Ligand SMILES: *Cc1c(COP(=O)(O)O)cnc(C)c1O
């Protein structure tokens, strides 16, 4: 790591690969001989067109996206997709199934209710969202227009350990906090969306990957920038796309390719998370409340059970260069978000510090 940089465990925006930041810096004032910064460049220019085309190619390669899926580069965050999914897809029978496994899926269901009938097909709220429901617990409607899940629950530190079987009903997944962290069979999903600021770029970009046959039936009231068919026809340029963020997403995909692709990256992610959970399982001070099969590789929650001690931990960790470890207010305690760009050494250093803290505060 460059001097003066810290290990940042923020849930998002979050760490970016250092080599990507260095390349952004080096290209900042004069992008590839154009004489201007990528920040200043028209999205309709030839130079920029090559950037967005390559960003899509790279993402398609990285995620192995089948040809019958559109890739859209949009704005508004994952939160705007809570409405966009409903406005575009809840148009055959006017109803959809939502599986509630945390704050974001709950918000998605609430937003969708404005546009049609929402059936909560399962919820683990009564168990504080500490696990993902099993297939047999899902009360799915055969005539739903889609089933919505949140694949990785950023706040509660849970992750779907299986892809639910939904028959002919398309599966829609919010993958904001796990996209590019593991291999995913895109063909099992009708639509995947993700805010980019957790695992692929700075804030400002939202990725939508949608099967072609699902678009073109948006509600007439759908704002044009939210209409998937309009954006697909315009190659994500109906209006100005988030040009800089798309450029960084391209660099991040190139970085993933340079280290052997998502499969290789996933091995590191599994190793990073396994170490941290192994320590949490043996620790007498820290606890992780999540059911083992539902544990997230990206967001690891833990607490001591004593709020003052938690606060002391967060403060002392920061003094050691381990930052942004405070848990979400809905859960309390601590959360280490260990996305792709958090180096394994950062996790090692965190565990070493947790052991020291445990010894000093037992
Ligand atoms: C961060 C996050 C969101 C919200 O994303 P915005 O881009 O801020 O709208 C939604 N879903 C999940 C799973 C997230 O992690």
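Here, each number is a calculation from the coordinates, and none is a lab measurement. Everything quoted here is computed from the prediction, not taken from an experiment. Backbone-built Cβ (ideal geometry, glycine too); neighbour counts: all protein chains shown.
Equivalent ellipsoid of the range 39-117: semi-axes from √(5λ) of the C-alpha gyration tensor, largest first, are 31, 15, 13 Å. By other beta-carbon atoms within 10 Å, ranking 5, 335 with the fewest at the front produces 5, 335.
For the range 188-338, build the convex hull from the C-alpha positions and give me its volume per residue in Å³.
Values: hull volume 26.9 nm³, N = 151.
Spelled out: Cα convex hull of the range 188-338, divided by residues, is 178 Å³.
Put in order of Cβ neighbour count within 10 Å, fewest first, the listed residues 130, 245, 240 become 240, 130, 245. With the convex hull of the Cα atoms taken as the outline of the range 102-186, the averaged projected area works out to 5.7 nm².
In cubic angstrom, how much convex hull volume per residue do the alpha carbon atoms of the chain span?
131 Å³
Under the classification rounded if a/c is under 1.5, otherwise prolate if a/b is larger than b/c and oblate if not, where does the range 138-235 fall, given a ≥ b ≥ c as square roots of the Cα gyration tensor eigenvalues? Verdict is oblate for the range 138-235.
Compute the Cα gyration tensor for the range 1-62, then decide on rounded, prolate or oblate, letting a ≥ b ≥ c be the square roots of its eigenvalues: rounded whenever a/c is under 1.5, prolate when a/b is larger than b/c in the other cases, and oblate in all that remain.
Details: a/c = 2.54, a/b = 1.52, b/c = 1.68.
Because a/c hits 1.5 or more and a/b fails to exceed b/c, the range 1-62 counts as oblate.
What Kirkwood radius, in Å to one decimal, follows from the Cα pairs of the range 217-289?
Numbers: mean 1/r = 0.0606 Å⁻¹.
When all Cα pairs of the range 217-289 are included, the Kirkwood radius is 16.5 Å.
Ratio to report: Rg/Rh of the range 53-165, with Cα atoms as the point set and Rh obtained by the Kirkwood method; give two decimals. Provide the component values of the computation, followed by the final result.
Numbers: Rg = 15.1 Å, Rh = 15.3 Å.
Across the range 53-165, the Cα-based Rg/Rh ratio is 0.99.
A straight line joining the Cα centroids of the range 69-111 and the range 224-279 runs 19 Å.
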